[in-house]
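**Q** The structure is given below, and queries will be raised subsequently.
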Amino acid sequence: ALTKGPDLAQTEQISLRLAACLLAGGDADGALARLATVGAKPVNPNTPARAAYLAGEALLLKKQPDKAVEQLKAFRDNGQYHNLPNLSDRAMLRLGQALAAGGQHEPARQAFETLIQRYPASPWVPYAFYEMGRSLQAQKRHDDAVKAYAEVIQRTVVEIAAMAQFQIGACRAEQLRYADAAGQFLLVPMTYDYPERSAAALYEAARASEAMKQPAEAARLYREVLRDHPRTSWAKLSADRLVAIGQ
């Protein structure tokens with residue numbers, strides 16, 4: 001399409017879509033190179049926002065979170081970027097993730113909270129609550145993190161809810177509340193049908209049982225991992241733990 005002489009407005013749109021395709025294929029450098037051709041004075045009013053979002057995504061893929069923040073922070077700070085359909089909310093999620101990846105956990109939490117408050121009907125709200133929980137957990141604010149994860153579970157039943165349930169267990173384990181942790185971990189296989197998540201939760205429930213000096217219960221759970229999820233990485237770990245505890 002670019003070889004057919006499109007006008008400037010069409011060229012921008014094609015370049016943005018091409019960058020998105022390259023990014024979806026994992027070619028972050030190619031996407032950034034294509035975005036660099038858009039120019040400093042775009043014709044379409046939404047081009048700068050779309051280009052900034054795609055650049056932020058590409059830099060996250062390249063594990064350069066600080067540079068990603070520079071691209072994405074306009075979606076937090078610039079009112080012209082606040083109400084772009086199917087873009088502003090998603091960009092705020094990525095901004096929070098970039099801040100968290102750079103170790104800025106409180107600014108990340110604030111970004112996720114902004115998404116939730118500014119776009120309450122967004123499909124990204126459950127993901128924002130999950131990421132908020134992760135930021136709170138990183139700050140050792142475990143009870144607040146559990147509240148954020150509970151919001152995820154109340155709002156959706158997709159895989160992010162299973163991940164949130166797992167993290168509730170992880171919070172309780174970090175608090176050395178092993179009985180609570182085991183119970184929360186076991187809710188994952190009882191409630192959701194995601195084999196990898198279930199295997200991980202069973203393994204961690206067994207580890208909590210070990211911490212409570214309950215080797216028989218731990219062995220039972222490790223064997224459940226081996227029986228129900230033999231192809232996961234958790235099966236090997238479970239087999240090793242069975243040997244270690246003499247079971």
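**Q** Any residue in region 184-206 that's under 11 Å from residue 163 (Cα atoms) and β-branched (Val, Ile, Thr): show its pairings with residues that are in a helix (DSSP H, G or I) and open to solvent by 10 Å² or more (accessible area, probe 1.4 Å) at Cβ separation under 7 Å, as long as the two are six or more apart or on different chains.
**A** These pairs meet every condition: 188/165; 188/166; 188/197.
**Q** Ok, one more. If the requirement is being open to solvent by 20 Å² or more (accessible area, probe 1.4 Å), hydrophobic (A, V, I, L, M, F, W, C) and modelled with pLDDT of 95 or more, which of these qualifies: 136, 187?
**A** Working: 136 fails: open to solvent by 20 Å² or more (accessible area, probe 1.4 Å).
Within the list 136, 187, the selection yields 187.
**Q** Could you figure out which of (1) surrounded by fewer than 22 Cβ atoms within 10 Å (Cβ to Cβ); (2) over 18 Å from the mean Cα position of the chain (by Cα); (3) over 28 Å from residue 114 (Cβ atoms) isn't true of residue 209?
**A** Just one mismatch for residue 209, condition (1).
**Q** Still on this model: Scan region 20-48 for residues that are under 21 Å from residue 84 (Cβ atoms), assigned to a loop (DSSP other than H, G, I, E, B) and at pLDDT 95 or above and report the count.
**A** Within region 20-48, residues that are under 21 Å from residue 84 (Cβ atoms), assigned to a loop (DSSP other than H, G, I, E, B) and at pLDDT 95 or above number 0.
The values are calculated or read from the model by the stated rules, or taken from the named source; none is laboratory data. Every value quoted in this text rests on a predicted model; they were computed, and no experiment measured them. All Cβ positions, even for glycine, are placed from backbone atoms using ideal geometry, and neighbour counts span all protein chains on display. The accessibility values were calculated without ligands, DNA or RNA, using every heavy atom of the protein model including side chains. Shrake-Rupley method; radii C 1.70, N 1.55, O 1.52, S 1.80 Å.
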